[in-house]
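See structure below.
Any read-out appearing in this document is the output of simple, stated calculations on the displayed coordinates, not a laboratory observation. Keep in mind that what you see is a predicted model, and the values were worked out from it rather than measured. When we count neighbours, we look across all protein chains shown, and the Cβ atoms used for this are built from the backbone with ideal geometry, even at glycine.
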Amino acid sequence: MDKLLQTGLSAGMSATSGFHSSKPPPVPADHDGLKYYEPDSFVPTAETRVTFKGKGGNDIQVPIIFWGAWSWGDPATWHWKDEEIHGVRAAWKKALEGGMTFIDTAQSYGDGESEVITGDLVRNYSGGVPRSKIQVQTKWLANVTDGKLGNILHPIDAPLKALKKTLDRMKLDYIDCYLVHGPVHVSSINQVAEGLAKCVDAGLTKTVGVANYSVDDMLDMKTALAPFGVPLATNQCEYSILRRLPETEGMLDACRKHGIVFQSYSSLGQGRLTGKYTKDNPPPKTYRFSSYPMEYIEPLHNVMRQISQRRGVPMAAVALNYNISKGVIPTVGIRSEAQAVENMQCLGWRLSREEVAELDKHGWEGKSTKLWQQG
């Protein structure tokens with residue numbers, strides 16, 4: 001079942017595969033993207049930290065970039081090969097040297113193999129950096145496990161049971177943030193909230209959050225957690241210049257108002273914002289988030305390339321700095337040391353208002369689905 005769901009995540013449950021026309025919708029003409037521009041005085045650095053709210057004031061401080069581990073151990077979508085582990089270890093070492101200490105994984109990634117790799121990195125390849133200085137985030141996906149209808153028969157305890165299995169795979173005592181992977185659970189939001197609170201009270205996670213939730217469901221989860229004294233720390237949704245729906249639908253406004261950190265995944269459009277792919281060299285068909293014909297993205301590439309040359313940074317760094325400039329914490333995948341170095345070049349500088357406005361002109365609103373990706 002895990003493998004079936006993993007295939008669904010990559011092939012049928014994204015916001016852009018098989019449900020709409022291939023041309024992405026534009027951002028509404030009256031939308032003001034600069035409304036979300038961070039104060040001019042803010043410049044993201046390796047020392048910048050963001051607060052995830054925890055129960056009883058037990059907050060955690062996290063860096064401004066998260067390392068996405070979806071590809072680790074996943075041959076179906078990301079064509080993972082076992083020898084790539086050496087590149088991941090080198091990337092993790094370089095990331096730690098740069099102060100970027102947060103890994104984002106999920107129980108469904110690589111059918112659990114991503115969690116195994118994550119635990120191994122934290123335990124054995126952290127170069128003396130103490131566990132207390134490293135942040136690990138994983139996600140609970142409501143599914144049928146071990147041949148039992150565990151999430152239906154035990155709707156409140158399901159997140160806790162799954163987290164215990166995660167920690168066994170990772171060989172860790174706790175994680176730092178536990179997300180609900182998507183709005184596909186049979187159990188109610190109130191039941192899931194109670195289950196997340198149990199995870200916190202058991203000391204197995206410090207903070208909790210959601211992913212792919214709409215504004216309404218996110219706020220319902222926040223309300224449901226409140227009686228247990230557990231804040232909703234974060235929501236993770238797809239966001240990039242290619243998918244600005246969280247801006248136009250009010251997600252960024254709601255997160256700022258309620259003190260919820262907004263994370264982005266597919267922050268580089270699954271490679272479409274790095275300059276690696278063109279209309280003559282499109283990305284693999286399995287890379288379905290922000291999956292639009294590359295000719296539609298060429299005008300944006302031209303602007304990004306100009307900024308990249310002017311700033312002396314890679315195009316990927318421009319895309320990540322864009323997210324940060326909008327108050328969004330980007331999650332970005334790494335499989336090699338070179339990728340870690342390239343991505344960290346988004347730090348130490350800021351896109352100007354004029355540059356963000358120019359990128360906004362060539363961005364897209366993006367799409368969503370009721371099935372999986374609401375926010």
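Compactness ratio for segment 232-375: Cα radius of gyration over 2.2 N^0.38 Å (N = residue count) comes to 1.00. D for segment 17-128, whole µm²/s, Stokes-Einstein with Kirkwood Rh over alpha-carbon pairs at 10 °C and 1.306 mPa s: what number? Using the Kirkwood radius from Cα pairs, D works out to 92 µm²/s. Label separation (THR45 vs THR278): 3.9 nm, computed from points 7 Å beyond Cα along the C-beta direction. The orientation-averaged projection of the convex hull spanning the C-alpha atoms of segment 196-235 amounts to 2.5 square nanometres. Amide H to amide H, with H built 1.01 Å from N, TRP140 comes under 5 Å of LEU179, VAL180, HIS181, counting only residues 5 or more places away or on other chains. Between ARG305 and ASP168, the contour length at 0.36 nm per residue exceeds the alpha carbon distance by 44.8 nm.
I need the shape label for segment 96-255. Rule: rounded when a/c is under 1.5, else prolate if a/b > b/c, else oblate, with a, b, c from the alpha carbon gyration tensor. Oblate, since a/c reaches 1.5 and b/c is not below a/b.
Longest stretch of the chain clear of exposed loop sites (trypsin sites (Lys or Arg not before Pro), DSSP loop, at most 13 other Cβ atoms within 10 Å, sites excluded): 172-275.
Only helices enter the 222 nm calculation for the chain: every DSSP H run of n ≥ 4 contributes -39,500 (n - 2.57), and dividing by all residues gives -10500 deg cm²/dmol, rounded to 500.
Amide H contacts under 5 Å for GLY68: ASP104, VAL332, GLY333, ILE334, restricted to partners 5 or more places along the chain or on a different chain, H placed in the peptide plane at 1.01 Å from N. For the chain, the Kirkwood estimate of the hydrodynamic radius, built from every pair of different alpha carbons, is 20.6 Å. Can you check how the C-alpha radius of gyration of segment 68-109 compares to 2.2 N^0.38 Å, as a plain ratio? Relative to the rule-of-thumb radius for its length, segment 68-109 sits at 1.21. Convex hull volume of the C-alpha atoms in segment 207-274, normalised per residue: 76 Å³. Label separation (ASN58 vs ASP201): 1.3 nm, computed from points 7 Å beyond Cα along the C-beta direction. Say we join alpha carbon atoms closer than 10 Å with springs in a Gaussian network model of the chain; which of VAL43, VAL116, VAL332 then has the biggest fluctuation? Most flexible of the set in this elastic network: VAL43. The charge dipole of segment 30-188, taken about the Cα centre with unit charges on the Cβ atoms of Lys, Arg (+1) and Asp, Glu (-1), comes to about 560 debye, rounded to the nearest 20. For segment 121-274, relative contact order (Cα pairs under 8 Å, six or more residues apart, normalised by length) works out to 18 percent. What share of all Cα pairs of segment 166-316, in percent, falls into each consecutive 10 Å distance bin? All Cα pairs considered, the percentages come to 10, 31, 27, 21, 10, 0.
In this simple spin-label approximation, HIS79 and ALA357 carry label points 7 Å from Cα along the Cα→Cβ vector, and these lie 4.1 nm apart. What is the distance in Å between the Cα centres of segment 78-119 and segment 315-371? So the two Cα centres are separated by 21 Å.
Amide H to amide H, with H built 1.01 Å from N, VAL208 comes under 5 Å of TYR178, ALA233, counting only residues 5 or more places away or on other chains. What FRET efficiency, computed as 1/(1 + (r/R0)^6) with R0 = 25 Å and r the Cβ-Cβ distance, is obtained for LYS257 and ALA226, rounded to the nearest 0.05? Here the calculated transfer efficiency is 0.95.
Taking the charge dipole of the chain about its Cα centre, with +1 at Lys and Arg Cβ atoms and -1 at Asp and Glu Cβ atoms, the residue from PRO299, ALA357, CYS199 reaching farthest to the positive side is CYS199. Along segment 38-48 the Karplus relation, 6.51 cos²θ - 1.76 cosθ + 1.60 evaluated at θ = phi - 60°, assigns HN-Hα couplings of 5, x, 4, 6, 7, 10, x, 9, 5, 8, 4 Hz to successive residues, with x for each Gly and Pro.
Note on segment 330-375: Cα convex hull, mean projected area over all directions, 5.1 nm². For the chain, relative contact order (Cα pairs under 8 Å, six or more residues apart, normalised by length) works out to 26 percent.
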